[in-house]
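Colleague: Pasting a structure below so you can have a look.
The values are calculated or read from the model by the stated rules, or taken from the named source; none is laboratory data. Just so you know, these numbers come straight off a predicted model, no measurement behind them. Backbone-built Cβ (ideal geometry, glycine too); neighbour counts: all protein chains shown. Note: accessible area is taken over every heavy atom of the protein model, side chains too, but ligands, DNA and RNA are not part of it. Shrake-Rupley method; radii C 1.70, N 1.55, O 1.52, S 1.80 Å.
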Amino acid sequence: MLFASPVTTFLLAMAPGVLLLAVGLLPVIRKRVHGVIPATALAMGLALLVLQLFVAGVVSLDVLDGLADSMLMIVGLPLATFLVSLGFLSHRSGLSLPIAAASGVIGVIGLWYLGGFVVINTACGISRNGGC
């Protein structure tokens, strides 16, 4: 079975976060008011990049090795990043609470699936010891 190179795998893990950041930042660059889709995309992109940095730090640094089995950190860190940034962006753009809550639920579902993709590809891109 052929595998991609570690650099390609790491960049593949970075692609969803960067793409979501681009979708979220496009209205800022074009000087338009933030809507629910760009706010959710920006919050998801930030959460995925924080997750990727966390996994890269756990896999490559011995100091953070104790956090590798902490499901609270693996799930909680990107979730907290997503909720805080979505709350800030929805408050800043004047979204109503029901719309912000609905986008948060949809974003958490998407974050769950994309987060698994990012975790596996980041870990496999940095270290091939885990059976990748």
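Colleague: For the stretch 61-74, give me each residue that is under 15 Å from Thr122 (Cβ atoms) and at pLDDT 80 or above.
Modeller: The initial filter retains those residues of the stretch 61-74 that are under 15 Å from Thr122 (Cβ atoms), namely 61, 64, 67-68, 73-74.
Once the filter is applied, which keeps residues that are under 15 Å from Thr122 (Cβ atoms) and at pLDDT 80 or above, the stretch 61-74 yields Met73, Ile74.
Colleague: Are any of the residues in the stretch 54-67 without any contact (Cβ under 8 Å) to a residue 12 or more places away in the chain, closer than 15 Å to Val118 by Cβ, open to solvent by less than 70 Å² (accessible area, probe 1.4 Å) and not aliphatic (A, V, I, L, M)?
Modeller: Yes.
Colleague: Let me ask you something else. Applying the selection to the stretch 88-100, what residues are in a helix (DSSP H, G or I) and at pLDDT below 90? Working first, answer last.
Modeller: Within the stretch 88-100, the subset in a helix (DSSP H, G or I) is 88-93, 97-100.
Within the stretch 88-100, Leu89, Ser90, His91, Arg92, Ser93, Leu97, Pro98, Ile99, Ala100 qualify.
Colleague: Given the criterion part of a helix (DSSP H, G or I), out of contact with any Ser or Thr (no Cβ under 6 Å at 6 or more places or on another chain) and open to solvent by less than 60 Å² (accessible area, probe 1.4 Å), identify the matching residue among Leu72, Leu42. Reasoning before the result, please.
Modeller: Working: Leu72 fails: open to solvent by less than 60 Å² (accessible area, probe 1.4 Å).
The unique qualifying residue is Leu42.
Colleague: Residues in the stretch 109-129: is at least one in contact (Cβ under 8 Å) with a residue 12 or more places away in the chain, more than 30 Å from Ser5 (Cβ to Cβ) and either among the basic types (Lys, Arg) or surrounded by fewer than 21 Cβ atoms within 10 Å (Cβ to Cβ) (or both)?
Modeller: No, the stretch 109-129 contains no residue that is in contact (Cβ under 8 Å) with a residue 12 or more places away in the chain, more than 30 Å from Ser5 (Cβ to Cβ) and either among the basic types (Lys, Arg) or surrounded by fewer than 21 Cβ atoms within 10 Å (Cβ to Cβ) (or both).
Colleague: Which of the residues spanning the stretch 94-108 are open to solvent by 30 Å² or more (accessible area, probe 1.4 Å) and small (Gly, Ala, Ser)? Show your work before the answer.
Modeller: Here is the first cut: in the stretch 94-108, the ones open to solvent by 30 Å² or more (accessible area, probe 1.4 Å) are 94-99, 101-102, 105-106, 108.
Across the stretch 94-108, the qualifying residues are Gly94, Ser96, Ala101, Ala102.
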